[in-house]
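All remarks here apply to the structure that follows.
Derivation of every value follows stated rules applied to the coordinates shown; laboratory data play no part. Fair warning: this is a prediction, and the values are worked out from it, not measured in the lab. Neighbour counts are summed over all protein chains in view; Cβ atoms, including those assigned to glycine, are modelled from backbone coordinates with ideal geometry.
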Amino acid sequence: MEPALLEAQGLRKRFGALEAVRGVSLALRPGEVLAFLGKNGAGKTTTVKMLSGLLLPDAGEVRLLGQDPFRDPWALRHLGAVLEGNRNTYWRLTALENLVYFGVARGLRLAAARKRALALLEEYGLWDKAHTEVRHLSRGMQQKLALLQALVHDPEVLLLDEPTLGLDVDTSLQMQDKIRALAKGGKAILLTTHQLEVAEALAHQVAIIHRGEVVLEESKEALLARFAGEHYVLELEAPPPPGVLAQLRALGVEGEGPFLVRGDGEALWRVLEALKPLPLKKVAKAEADLLEVFLKVVGRA
Amino acid sequence: MLDLLLVEVWRSLLALRRYPLELLGAVVTLSLIFYLLFLGARFLAGPGVEFGGRLEAVLVGYLLWTFTLSAYNGLSFGLMEETQTGTLEQVFLTPYGPVRLYLVRDLAGLFTQGLLVFLIALVLMALTGARLAFTPQVLLPFLAVLLGGYGLGFAVGSLALLYKRIGQLLGLSQFLLLFLLQAPGEGLFRLLPLAPGAALARRMLAEGAPLDPAPLFLSFLNGLVYLGAGLFLFRRAVRLAKGRGLLHGY
């Protein structure tokens, strides 16, 4: 396993009587998207702000490529962020001017920032809007530009807080493609979102925070498999006769078609015996989705 | 750092080019204030009274006040605006750190503030008939005053960072600046911010006194001490704001 580019250990933050974050530890590795999920007020944004050096933790530490961003601000050279609830860019500057400005403000030389800005605008399909003031861009373009602003200095770590919020389906899918490509290119990405289908489409790792604590962290595949359990979905070409249906019920089969067979492979074979020789349409292992997992975990926690 | 300075100058020039009415509004307002004060003073003094050479000194004093004022409140207005529009956190993500970034912004702002003061000077010379002809050496005490002005700007910027809405305080403290710029540059007054540099400039303009190195040294020392104090307070405020989560808005 590659070493983490961003690492947080035991982060704690209290605002008055509210303990917003309680001992959160996270690790972001290159090429990996970590979906950081939680309900409103669970502590997601507070954690993201601590990871980006904008909020001092009461306890715990953040290491960005081994450096502490609170002691050594130059560590922030390795981080780009799209922050939710922020404009992220200057609305009175054009798309190109914003990227050049933020490129230099993030440590690039002026000429390098301009070159990189032009390349990004072309790559992300904003070339024809390069000289348009941000306030005149559509919401989707503004959001895309916010991502480019985070990318302009080519950081290794990206913190994306609701990057697809409020976007139409097309633009959201485009953004998802770009985020996937960035991860493939080796960036370590923390994705915070309430859109669980987006998280499911992009994440390699999933962490769920609830009342300030990470209550689950695991790879997406393992998590979904675990929550799907040893269940099977079964469909027939035609509804079964009442006698067969009674047998299915006796074997614990649920549903009216498709049917759900709870249990391991042996239970499935017993059901298939009972169905013989009715024509089958589909037999598949049941799958859980992230929404189901999230609701179960948060409901249980 | 040079690239950061260049890009900040470029950003302020873009704002000037794109929104010239904002500069024009400032020139008209600040010129009008002086002109009305000038007319009022003439009215009170009676028709026979002439300002003579003192008019130039008063005018230069006013221009210095304008320059110091923008050095003083530029940072706070910038912070308040960025908090409101939601770009402050992105600015704070700079690896240069906020203190260095805002110092560079202040330096970059000198140019646009200089342009503002130059335009006001032109308008007022046309309106009042005054002719500004002063030795370039007077720019040195001006610079010392500006250093102190930026120092006070960082101090009040700390409040802007922590409490956000400090427009009223900024409005009121303009009069404090006026007092500091008019205070005598002697005795304990020399310890006040801006006062020694402003007094030296006033003596040079009104009495035609030559540039005296000792008071100039004191003026710079005063300016640097207040700049250092302002930066110290701002650094503390940044840490406090990061500790309390105050960077994200109102």
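Straight-line cross-link partners of A:Lys276 among the aspartates and glutamates, defined as a Cα under 17 Å from its Cα and at least 8 positions apart when in the same chain: A:Glu235, A:Glu237, A:Glu266. Only the Cβ atoms of Lys and Arg (+1) and of Asp and Glu (-1) were treated as charged; on that basis the dipole of chain B about its Cα centre amounts to roughly 520 debye. For a paramagnetic label modelled on A:Leu165 (point 7 Å from Cα along Cα→Cβ), amide N atoms under 12 Å away belong, within the range A:26-48, to A:40-41, A:44-46.
Computed from the Cα positions only, the extents of the range B:194-237 along the three principal axes stand at 42, 17, 8 Å, in decreasing order. Across all Cα pairs in the range A:202-292, the calculated P(r) in 10 Å bins from zero up to the longest distance comes to 15, 40, 21, 16, 8, 0 percent per bin.
Taking 7 Å steps out from each Cα toward its Cβ at A:Lys184 and B:Leu16 produces label points 4.7 nm apart. Taking a threshold of 18 Å on the Cα-Cα distance, which of the pairs B:Lys164/B:Lys242; A:Lys184/A:Lys220; A:Lys13/A:Lys187; A:Lys49/A:Lys178; A:Lys13/B:Lys164; A:Lys13/B:Lys242 fall above it? Going by Cα-Cα distance, A:Lys13/A:Lys187; A:Lys49/A:Lys178; A:Lys13/B:Lys164 fall outside the 18 Å limit. Name the residue from B:Ala209, B:Leu101, B:Phe175 whose Cα lies farthest towards the positive end of the charge dipole of the protein assembly as shown, charges +1 on Cβ of Lys and Arg and -1 on Cβ of Asp and Glu. The residue sitting most towards the positive pole is B:Ala209.
Neighbouring Cβ atoms from other chains, within 10 Å of the Cβ of residues in B:29-40, number 0 on average. If the reach is capped at under 20 angstrom between alpha carbons, list the aspartates and glutamates near A:Lys115, excluding any in the same chain fewer than eight residues apart. Candidates past the 8-residue exclusion: A:Glu97, A:Glu123, A:Asp128, A:Glu133, A:Asp154, A:Glu156, B:Asp3, B:Glu8.
Residues of the range B:195-209 with backbone nitrogen within less than 18 Å of a virtual label 7 Å along the Cα-to-Cβ line of B:Gln137, please, listed as ranges. What the label zone holds, given the 18 Å backbone N cut-off, is B:197-209.
Paramagnetic label reach from A:His131 (point 7 Å along Cα→Cβ; backbone nitrogen cut-off under 15 Å): within the range B:5-28, residues B:18.
Every helix of 4 or more DSSP H residues in the protein assembly as shown counts as -39500 (n - 2.57), and over all residues that averages to -18500 deg cm²/dmol at 222 nm.
Farthest towards the positive end of the charge dipole of chain A, among the residues A:Val104, A:Thr132, A:Gly10, is the Cα of A:Val104, using unit charges on the Cβ of Lys, Arg, Asp and Glu.
Label positions at A:Ala288 and B:Leu107, each projected 7 Å from the Cα along the C-beta direction, are separated by 5.7 nm.
Please report the orientation-averaged projected area of chain B, defined via the convex hull of its C-alpha atoms, in nm².
Dividing the Cα hull surface by four gives the mean projection, 14.4 nm².
Taking the centroid of alpha carbons for each part, the range A:54-81 and the range A:139-188 are 21 Å apart. Relative contact order for chain B using alpha-carbon pairs under 8 Å, separation at least 6, rounded to a whole percent? Taking the mean separation of contacting Cα pairs over the length of chain B, I get 27 percent. Its convex hull of Cα atoms gives the range A:35-143 a direction-averaged projected area, equal to a quarter of the hull surface, of 8.4 nm². Here the range B:1-91 is described by how far its Cα atoms reach on the three principal axes: 59, 28, 23 Å, from widest to narrowest.
Basic side chains Lys and Arg get +1 at the Cβ, acidic Asp and Glu get -1 at the Cβ, and with that the dipole of the range A:6-225 about its Cα centre reaches some 620 debye.
Placing unit charges on the Cβ atoms only, positive for Lys and Arg and negative for Asp and Glu, gives the protein assembly as shown a dipole magnitude near 1260 debye about its Cα centre. Comparing the protein assembly as shown with the 2.2 N^0.38 Å rule of thumb, its C-alpha radius of gyration ratio is 1.32 (two decimals). Among A:Glu235, A:Glu97, the order by Cβ neighbours within 10 angstrom, fewest to most, reads A:Glu235, A:Glu97.
Within 10 Å of the Cβ of each residue in B:75-88, the mean number of Cβ atoms contributed by other protein chains is 2. Share of pairwise Cα-Cα distances greater than 21 Å in the range B:49-153 is 45 percent (whole percent). Dividing the Cα radius of gyration of chain A by its Kirkwood radius returns 1.10 for Rg/Rh.
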